[in-house]
Amino acid sequence: MSLALARKYRPDTFDDLIGQEAVSMTLSLALEGDRLSHAYLFSGLRGSGKTSTARIFAKALLCEKGSSSHPCGVCDHCVMAKEGRHMDIIEMDAASNRGIDDIKDLIEHTKYKPSFGRFKIFIVDEVHMLTPQAFNALLKTLEEPPVFVKFILATTDPLKLPATILSRTQHFRFKKIPQPLIKNHLEHILNLEKIGFESEAIEIIARTGAGSLRDSLTLLDQAIVYSNNFVDVNTVTGMLGIIEPSLLEKLVNDIVAKDREQILVFLKLAGEYEAEMVLDELTLYLKTILFEQKGVLSPMIIERFFRVIAESKALLALGGDGEFVLTLSIFKMIEAMEIREIDAMIRSLEKELRGIEISSVPSNVTLPKPQNRPLAEKKEEFLDSDTSQKPSFVEEKSPPQEALLEHQEPLQFQNLKNKIFDRNYELGACFEANITFVSFENGKLTWESTAEGGEKKMLINHWSIINMLVKEIFGVETKIINIAKEQPTEAKKKLENHTLSFIETTLKPTIEQIEYNASASIDFLQNSSCKSDQSREPSAEDLILSSAQNLRTNQLIEEIEMKSSCIAIEAGDTEAAKEKEPSRLMEEPMIKAMVELFDPKKVIVKRKS
């Protein structure tokens, strides 16, 4: 009777284990040195050899020649252990015997000595399926079993086990079997079975097994039957329903060449397969390109392709149409190839922005080096200096270029000002008036600030906007160094004195002259009227005099009133032209509607100064 390849070629010794050298060596040394524990825990991927290792270890413990890492295989104990009929090796499936009653029966068996061998061995598979009550019942027996009892627990999910179980066992972790080892083992079995094969087809089977030897052997068994004793690529891809690697290679070449016609041909062919499977195979092929470094795609392009595939899988998980998602993914990969040109344009633009705009200066002229003095001192010097004097230039044969570049604002800083103006005009005006560029080097932007009072508060309140725009223009890692410069008090007083003296010498005489002329005209009209009889009725001259006096008074009052009012005189006495009293502001229909809409806890009416 034929057996499945997974059962027929199950390992019989530690040397036959595939890809678990650390586990087999540790158990072999424990047997040879007689350093055995009372409980072992084997965890790992399905089909990685946990149960096979447990049976080999049990057979080695019961061999008539003594506990050895290489049991004889011919004694009665070894034969019965190999055939699975040894009375002292008790295997239990915890998935179907997971209750506390099953554990009570197991504990009852531990009280009796072995029937034939030296030890009574309990192999509990899928132990993580036991109930919490069953685990609690097993704790005491697992911690201090009889001398002749050995426990071997196997699980695929050790995280579900209680910490009390893990602390009472020696934990052996079975790793995923590498793909090359699985491929070599499958080829070895096919040679023993005298079945022809293609190496690429075996590689596809080993890759599909995903590190599980049992899964790979099951697929190989199926491929032998389907291919009529010759395992080739077409047979394997047709059996597994996956796309051929040659088509994926051609697809990648078409994406690089941006050949849309050939890509559309591939999409029609890919409609016969599941979209998720095509994306998975494409991911594996990109992984192969990355490791082999064929030079077709750079690691950056491969990373972009992988992001596209990941986003497409998310769309498939949401129930998107598979064919449309696959088509969208491939065309997004074509667009991802264009990003390289955009990156080059960005780099060239950054190089241009790093340049400094310098006005043309005669080659034989050296500009005086600016000094770091407060703004108030510069204003004082300007006001005190004679405007008739002209700056003198010193001729030199070879002027240093550093004098031309120092403290010149680069285009980036001017661009920063423009962006701040676009975001908030008042903030831009405050920034331009108080911030002076100093330098930008090694990722550090240095400027001087003379802001005080309200202007300083405005810059602090809008610091997040300024910082964001600086990082956008100068770079994400740019650090800002702010040098505070306060204006000296003496300079402020002198500047105010100059302003007052200008008002006294220029504006005040003009105002006095206007007032004198107006008074003279009024006095003249008054003197003329005194000569006439006071008892008579007012004449035309009297009316003119009264009108002139009223006109002068009304003009002064009107000027004062118009400065504090935003309503034009031409508006008349309409309802819209009337000033609103703060106490009656809440009675306005619009304000009532806003209060009903937002339902605020408190309303503050603030008069604008």
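Some points to look at:
- The stretch 106-245, dipole about Cα centre (Lys/Arg Cβ +1, Asp/Glu Cβ -1), debye to the nearest 20: 1000
- The value obtained for the stretch 196-299, namely the Cα convex hull volume divided by the number of residues, is 110 Å³ per residue.
- Among the GluC sites (Glu not before Pro) in the stretch 64-167, those placed in a DSSP loop whose Cβ has at most 15 other Cβ atoms within 10 Å are 64.
- Karplus-derived HN-Hα couplings along the stretch 154-159 (A = 6.51, B = -1.76, C = 1.60, θ = phi - 60°), whole Hz, x at Gly and Pro: 10, 7, 9, 9, x, 5
- Of the listed residues 254, 280, the order by accessible area with a 1.4 Å probe, largest first, is 280, 254.
- The charge dipole of the stretch 116-163, taken about its Cα centre with unit charges on the Cβ atoms of Lys, Arg (+1), Asp and Glu (-1) only, comes to about 200 debye.
- Packing-based ranking, highest mean first, of 462-472, 281-291 given that Cβ atoms within 10 Å are counted: 281-291, 462-472
- Under the shape rule built on the C-alpha gyration tensor, where the axes satisfy a ≥ b ≥ c, the stretch 413-453 is oblate, since a/c reaches at least 1.5 while a/b does not exceed b/c.
- Built amide H within the under 5 Å cut-off of residue 69, gap 5+: 32
- Backbone HN-Hα couplings from phi across the stretch 422-439 [Karplus 6.51/-1.76/1.60, Hz, Gly and Pro as x]: 5, 6, 8, 5, 4, 5, x, 5, 5, 5, 5, 6, 10, 9, 10, 5, 10, 6
- Using heavy atoms of the protein chains and a probe of 1.4 Å, the accessible area assigned to residue 80 is about 40 Å².
- Carbon/sulfur fraction of accessible area - the stretch 405-470, other protein chains in place, 1.4 Å, %: 48
- Solvent-accessible surface (1.4 Å probe) assigned to residue 230 amounts to roughly 90 Å².
- Tensor-based shape of the stretch 117-162 (alpha-carbon gyration tensor, a/c under 1.5 rounded, otherwise prolate or oblate): oblate
- Using θ = phi - 60° and Karplus 6.51 cos²θ - 1.76 cosθ + 1.60, couplings along the stretch 100-108 (whole Hz; Gly, Pro as x): 5, 5, 5, 5, 4, 5, 5, 5, 5
- Amide hydrogen proximity for residue 195: with H placed 1.01 Å from N in the peptide plane, no residue at 5 or more positions away or on another chain lies under 5 Å.
- The stretch 157-249: C-alpha gyration tensor shape, a/c 1.5 cut-off, then a/b vs b/c: prolate
- For residue 120, nonlocal amide neighbours, meaning residues 5 or more places apart or on other chains whose placed amide H falls under 5 Å from its own, are 149, 150.
The values are calculated or read from the model by the stated rules, or taken from the named source; none is laboratory data. Here the structure is a predicted model, which means the values were calculated and not measured. We place every Cβ from the backbone using ideal geometry, glycine too, and count neighbours over all the protein chains shown. With ligands, DNA and RNA removed, areas are computed over all heavy atoms of the protein, side chains included. Shrake-Rupley method; radii C 1.70, N 1.55, O 1.52, S 1.80 Å.
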